[in-house]
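Some notes on the structure that comes next.
The values are calculated or read from the model by the stated rules, or taken from the named source; none is laboratory data. For clarity, every value in this text was computed on a predicted model and none was experimentally measured. Neighbour counts run over all protein chains shown; Cβ positions are idealised from the backbone, glycine included.
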Amino acid sequence: MAAQQFDFGMIGLGVMGRNLLLNMADHGFKVIGFDKDNQKTTAFEAAANPGTTVKGVVALQEMVSQLAVPRKIMMLVPAGKPVDDVIESLLPLVQKGDIIIDGGNSHYTDTLRRVTYLKDKGIHFMGVGVSGGEQGARTGPSIMPGGDQEAYPHVQPMLEAIAAKVNGEPCVAHLGKGAAGHYVKMVHNGIEYAIMQIISECYDLLHRGAGLTNDELHKAFDSWNKGDLQSFLVEITADIFLQPDDKDASKRLIDVILDKAGAKGTGKWTSQDAMEIGVPIPTIDMSVTMRNISAIKEERLKANALYKNQSGKIDTTKEAFVQQVHDALYFGILMSYAQGLAMLHKASTELDMQIPLQKVVSVWRGGCIIRSTLLDLFTRIYTQNPQLENLLLHEQIAQLLADKTENTRKVAGAAIQHQYAAGCLLAALSYFDAYRSGQLPINLVQAQRDYFGAHTYQRIDQPGTFHTIWNK
Ligand code: 6PG
């Protein structure tokens, strides 16, 4: 094949890189992928559909030299040093005007550093969030590009072609300045952690608490997925309960999976950054904490022996409890989105990213892990109010929550009374109660701060800053 014939290059033919590239080839683009491992390049070529132009190479130079200029090269490699290593190996091979895209889950500060570093060399660098897992990459992910406005039009046709479609609209849009793409993806993952944790808390209450079998759990989640809780995560949860154990067909797989969850860091980054810019996201924070608690299984077992934690049966009928838990789940999911989106609202100005929230929620409607029917509503809300500080301030959301809070409190109460760890659910409820409270007890904190540290306080009845000589 003659030089400079390919439209798009990919570095890293792991499952995500390979599937994205095959997806692009299905849409008529000529694609070339590089991986040092020739089993991967061979598997990649073998998986191509007939009539598509797909090539795998094991030498980076071979890939770069066959790309049309400006070259469009995406990397899908683990975050951190591997991204810097790829950049260094590309630098001698690319030329001014070429576009390098990081499609992985990089920390946004790394992306910002790389943008500046490469800009000085005349190379465009874009941080692009990609969500949807293996299957999404192959059939239509949600794509979150940000940064370089000059480079974006060059990659826009490819990204729009491969993205998931909702009502014919591609789930991809330019989401702001600098490292906005990776920032939005980070917050997407924070919301993802929170929703997954809340679902697992609901599972625990229904299963151990109310005694629902796996078949009954499947039925509940499946029916929820046909209603106002329709979402990817609820849908796959319904499926999970039916999966037999591949080692012992008499069991369900869910019952033999160890209760210890890993994390690659994006949820933690969301919490860290929310603290940095002063945005409360307690449900997301708690989901990160719960994964950390899950990881210390041996300590948990020692504590269990010491404290004899006996999560008891919840005194309820299955049917009534399923309805209550439905409302609690809906409530918790809404709080998770509200917190993540409030964080993006603040970051947009605080970090000068200019993130268009109406586009973010629109891009999340399809392809990504947190896609749900709620995002259609959010898209309408943010299109009318792009500067809305928090979804909870919108009347329609208030109406939706009005008939969910009572059951949420009942479920939270049952969790506390019967010793179930439902941290995210409780954090969602506390957030709601604090956020809508016209009177918090922080006046006492202010008094204490002034008492021991002369930190001053403000009064409710007159302007100004005051300090008191306490208890003299
Ligand atoms: C996605 C996912 C994907 C991955 C995350 C979360 O949007 O497709 O978020 O990026 O699952 O890395 O992984 P951890 O749970 O391991 O942090």
Evaluate segment 197-204: report whether one residue or more is part of a helix (DSSP H, G or I), closer than 18 Å to THR373 by Cβ and within 16 Å of the ligand (Cβ to nearest atom).
yes
Selection from segment 365-390 of residues of a type outside the set (S, T, N, Q) and not in a loop (DSSP other than H, G, I, E, B) yields LEU374, LEU375, ASP376, LEU377, PHE378, ARG380, ILE381, TYR382
Give all pairs with beta carbons closer than 9 Å in which a residue from segment 100-126 that is on the phi < 0 side of the Ramachandran plot and crowded, with 24+ Cβ neighbours inside 10 Å meets a residue that is assigned to a helix (DSSP H, G or I) and among the acidic types (Asp, Glu); count only pairs at least 6 apart in sequence or on separate chains.
ASP102/ASP110; TYR108/ASP273
Please name all residue pairs, on different chains or six or more residues apart, with Cβ atoms under 7 Å, provided the first residue is in segment 133-153 and is aliphatic (A, V, I, L, M) and the second residue is more than 16 Å from the ligand (Cβ to nearest atom).
ALA151/ILE99; ALA151/HIS124; ALA151/MET126
Which ranges mark the helices (runs of 4 or more DSSP H) fully within segment 38-157 that have 1 or more residues being under 20 Å from the mean Cα position of the chain (by Cα) and within 16 Å of the ligand (Cβ to nearest atom)?
108-119, 133-139
Starting from residues that are among the basic types (Lys, Arg) and over 26 Å from the mean Cα position of the chain (by Cα), keep the ones in segment 410-459 and report whichever is surrounded by the most Cβ atoms within 10 Å (Cβ to Cβ).
LYS410
Which of the residues spanning segment 240-253 are at pLDDT 95 or above, of a type outside the set (Val, Ile, Thr) and out of contact with any His (no Cβ under 8 Å at 6 or more places or on another chain)?
GLN243, PRO244, ASP245, ASP246, LYS247, ASP248, SER250, LYS251, ARG252, LEU253
For segment 40-75: of the residues being among the charged types (D, E, K, R) and under 21 Å from ILE99 (Cβ atoms), which is surrounded by the most Cβ atoms within 10 Å (Cβ to Cβ)?
ARG71
In segment 243-297, how many are within 15 Å of the ligand (Cβ to nearest atom), over 19 Å from SER336 (Cβ atoms) and of a type in the set (A, V, I, L, M, F, W, C)?
2
Among the residues that make up segment 361-378, is at least one of them more than 16 Å from the ligand (Cβ to nearest atom), under 23 Å from THR237 (Cα atoms), touching an Asp or Glu at 6+ places or on another chain (Cβ under 9 Å) and among the aliphatic types (A, V, I, L, M)?
yes
Restricting the search to segment 161-195, which residues are surrounded by fewer than 24 Cβ atoms within 10 Å (Cβ to Cβ) and farther than 18 Å from GLY136 by Cα?
HIS174, LYS177, GLY178
Which of the residues belonging to segment 445-472 are part of a helix (DSSP H, G or I) and either in the same structural domain as SER430 (by TED's automatic domain parsing) or over 25 Å from SER430 (Cα atoms) (or both)?
ASP450, TYR451, PHE452, GLY453
I'm trying to understand the selection: among the residues of segment 154-169, which are free of Cβ contacts under 8 Å to residues at least 24 places away in the same chain and either touching a helix residue (DSSP H, G or I) at 6+ places or on another chain (Cβ under 6 Å) or over 17 Å from THR379 (Cβ atoms) (or both)?
GLN156, PRO157, GLU160
Which numbered condition ALA347 misses (of (1) within 28 Å of GLU235 (Cβ to Cβ); (2) buried (at least 23 other Cβ atoms within 10 Å of the Cβ); (3) out of contact with any Gly (no Cβ under 6 Å at 6 or more places or on another chain)):
(1)
Matching residues, segment 291-312, being in a loop (DSSP other than H, G, I, E, B) and of a type in the set (A, V, I, L, M, F, W, C):
ILE296
